[in-house]
Every structure is written in structure tokens, then in C-alpha cells.
Amino acid sequence: MMLTTANFLFTQVGFIGLGNMGNPMAKNLLKHGYPVIATDVFPESCKELQELGAQILDNPAEVADKADRIITMLPSSPNVIDVYTGPNGILKKVKKGSLLIDSSTIDPAVSKEMASAAEKMGAVFMDAPVSGGVGAASSGKLTFMVGGAEAEFTAAQELLNCMGANVVYCGQVGTGQAAKICNNMLLAIGMIGTSETMNLGIRLGLDPKLLAKILNMSSGRCWSSDTYNPVPGVMEGVPSGNHYQGGFGTQLMAKDLGLAQNTATNTKTPVPLGSLAHQIYRMMCARGYASKDFSSVFQFLREEEGQ
Ligand code: NAD
């Protein structure tokens, strides 16, 4: 449906970064009656949202000039720094009292820097990274992990509820990122563990579907085995059944594991399996897997064995 201003019930919301996640998230804001003003460095990404009635502007500063609630969904820390503090960044034109919510997965230290830069301009910054992937972004079922001033949480919740099934307050700014980084480190370890287990079972002569069924009724069960199995043919509707296309890119997982390593180093926390997972995902990036879904570690391990 083409959404016209007549369909809109609320004041406009800015959205910056219309990639795999940002595009469906912004669509859900439109569906809930919020007029969206958006921008992306890649004009092609804006087309679909524009057709649905969103206003597209040239850069983040222009968005900040018009909207006092802005959501950003960008790949990594340098993009967030640029979008907030760059020459055409949000903070160049931000209105006093604006609420700035960053849903990208980035270094918690960068979230804190952005929060204090926003505060100097009289605005409020919150980190609200997500778990759930492109499917959950489309169906509005994301989990948001929110860090920032508790007094602002209700205002953030109003928007985040349009895009997510769970909106969890974690504590001061940066704690949303901390929760997200911990989750993804465990996810990567679980995915590699599931992949090597399934591969071993197959080599021992087990049918992969039967092995998955047994794991999923036993103590080895995890999200990677029962919801996102990495072995082609075991499950429908997951990237392993589609040549590892779509889903959550190996390059993004390598980035998140790098963030986990940085934070572990800073806090002198031993994370041996997290370190190994980081190296495995980096090797995959170097060997052509960067844009494949992260469950392609199963394929990577089989290639490593010379198959
Ligand atoms: P993506 O690369 O598909 O989209 C990012 C978008 O930001 C792109 O359209 C890009 O053009 C735009 N962009 C980059 N720099 C910009 C700038 N300076 N100004 C305006 N736009 C800019 O990434 P994604 O998959 O949507 O992921 C976004 C974030 O969400 C990442 O931090 C990722 O780790 C996290 N995340 C992704 C998933 C997933 O399944 N894809 C799941 C959970 C969390």
C-alpha cells in the first residue's frame, strides 16, 4: 500500500541506514503510522521506502534538521562516528531535546562517545542493538537491548515496540552493545560447535536430519542446531538451504567477534573460545565467505578437510 501523509498518525521519525535490517525496520515504522524521513549513502537502498511514502533526504544533517527522533542502523563503528559527528552528520543540525537511537552493533566505547557528543548539543543518545536477523526485522519481532538514561527508555520504547517483540532495558549507555556482543560471541561459538558436530556425525555415517533430530531432543541442542541448522537439507527456510545467501553475513559476525575481543582485552577477561571463533570467521572472510551467511562455517570446515 502506498502510504500518504493522510495515513500517518504521529510526528515524523528519521531513519538512517536502509540496508538489510534498516529497510524492513523503517517499513514497520511506516506501517505503524509514523511518517519516515530517511537517508542512506547508497541511493538505491532508498527506492523501496520512497515508494511506500517515506521522504528521502541527502544526508543525516538534513534528517536531523527535520526530525527530533532518529534511528540509525549502520554497519560498524566508523559509519556511526561519521553519521553522528561527520561534516554532514546528525549533530551538525540536531534539535535540542532530540532522541537519537543507534541500533547498529558497534563498540560500546563509541556509543559512550556519541552519547557525550549528543549531550553537548542538548540531545539524548541511546544504544539499542538488535538480535533476530532479517526475518525478525521484517516481521517486527526483533529483540532490542537498550542502554542509556532510564528516564528516556519509555520514549525509546514507543518506537522500538513498532519493530520488535522484546525491548529490554540493560542500563547505562553502552550496556545494550555489551549484551549484544556477548550474545553474538556465544552464537558464533554455538554455530561453529554445531557445524563441526554435524560434520563429524555425517562422517561417522549418520543421516544429518536424524542427527539434528537427536541433538534437538538431547543436551547438545542449541539455536544453531534447532532453528538455524547449518547443514543444507536439514531445515527449510534457513540460509543453509539457499546456498548460504541472505541472513547474517560472515563479515558482520567477524566484526562482532572483534568487538568482543576488544572488550575482553580492555576488561582482562579470558575468552579463549571467543578468540578462536574470531580467527575462524576472519579466515572465512579471507577465503571468499565474507558475504555468505555465518552458518557457512559448516561448508568452510568441510573444505578445510579437502572435500
Ligand atoms: P547493511 O550493510 O545491509 O546496511 C547498512 C546500511 O547503512 C547500508 O545500506 C549502507 O549504505 C548504509 N550506510 C553506511 N554508511 C552510511 C552513512 N555514512 N550514511 C548513511 N547510510 C550509510 O547492514 P545490516 O545487515 O542492515 O546491519 C546493520 C547493523 O545491524 C550492523 O551493525 C549489524 O552487525 C547489525 N545486525 C545485523 C543483523 C543481520 O542479520 N543482518 C542482525 C542483527 C544485527
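The values are calculated or read from the model by the stated rules, or taken from the named source; none is laboratory data. Since we're looking at a predicted model, the values are computed, not measured. FYI the Cβ positions are ideal-geometry reconstructions off the backbone, even for glycines, and counts take in every protein chain you see. In case anyone asks, the SASA skips ligands and DNA or RNA and just uses the protein heavy atoms, side chains included. Shrake-Rupley method; radii C 1.70, N 1.55, O 1.52, S 1.80 Å.
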Handout entry: Computed helical MRE - 222 nm, the chain, DSSP H runs ≥ 4 contributing -39500 (n - 2.57), nearest 500
Key = -14000 deg cm²/dmol
Problem - Nearest-ten-degree value, helix 250-266 long axis tilted from longest Cα axis of the chain - result: 80 degrees
Fill in the blank from the handout: Rounded to whole angstrom, the alpha-carbon centroid of region 253-307 lies from that of region 15-69 at a distance of 32 Å
Exercise for the section: Pick out, from S218, F10, T267, the residue whose Cα sits farthest towards the positive end of the charge dipole of the chain, with +1 on the Cβ of Lys and Arg and -1 on the Cβ of Asp and Glu. Expected result: S218
Practice task
Heavy atoms only, probe 1.4 Å: what % of the accessible area of region 2-172 goes to carbon and sulfur, would you let me know?
Solution key: 52 percent
Practice task
State, to one decimal in nm, how far the label point of K120 lies from the label point of E44, with both points 7 Å from Cα in the Cβ direction.
Solution key: 3.7 nm
Fill in the blank from the handout: In whole Hz, the Karplus estimates of ³J(HN,Hα) for region 92-109 (6.51, -1.76, 1.60; θ = phi - 60°; x where Gly or Pro) are 5, 10, 4, 7, 4, x, 5, 10, 10, 10, 9, 9, 5, 8, 9, 5, x, 5
Practice task
Would you mind computing Rg(Cα) / (2.2 N^0.38 Å) for the chain, counting N as its residues?
Solution key: 1.04
Handout entry: Cα-Cα P(r), region 178-304, percent of pairs per 5 Å interval
Key = 2, 12, 22, 23, 19, 13, 6, 2, 0
Exercise for the section: List the lysines whose Cα lies under 22 Å from the Cα of K120, skipping any in the same chain that are fewer than 8 positions away. Expected result: K66, K92, K93, K95, K96, K112
Handout entry: Order by protection proxy (mean Cβ within 10 Å, highest first), peptides 290-300, 256-266, 169-179, 238-248
Key = 290-300, 169-179, 256-266, 238-248
Exercise for the section: Calculate, for T267 and T85, the FRET efficiency according to 1/(1 + (r/R0)^6) with r their C-beta to C-beta distance and R0 25 Å; round to the nearest 0.05. Expected result: 0.45
Handout entry: lysines with Cα under 29 Å of K292, excluding same-chain neighbours fewer than 8 positions away
Key = K27, K47, K141, K180, K209, K213, K255
Completion exercise
With region 215-286 reduced to its Cα atoms and the Debye formula applied, log10 I(q)/I(0) at q = 0.16 1/Å amounts to -0.72
Exercise for the section: Could you check how much of the accessible area of region 235-307 is carbon and sulfur, as a whole percent, using a 1.4 Å probe? Expected result: 53 percent
Fill in the blank from the handout: Placing one equal point scatterer on each C-alpha of region 174-219 and summing with Debye, one gets log10 I(q)/I(0) at q = 0.16, 0.18, 0.30 Å⁻¹ equal to -0.54, -0.62, -1.02
Handout entry: Residues with amide H under 5 Å from that of A38, placed H, sequence gap 5 or more
Key = F15, Q55, I56, L57
Problem - Cα-Cα separations in region 2-172 greater than 20 Å, expressed as whole percent - result: 45 percent
Practice task
Would you mind working out the accessible area per residue for region 2-172, using a 1.4 Å probe, and quoting it in Å²?
Solution key: 42 Å²
Fill in the blank from the handout: One would report the antiparallel percent of DSSP beta bridges in the chain, rounded to the nearest 5, as 15 percent
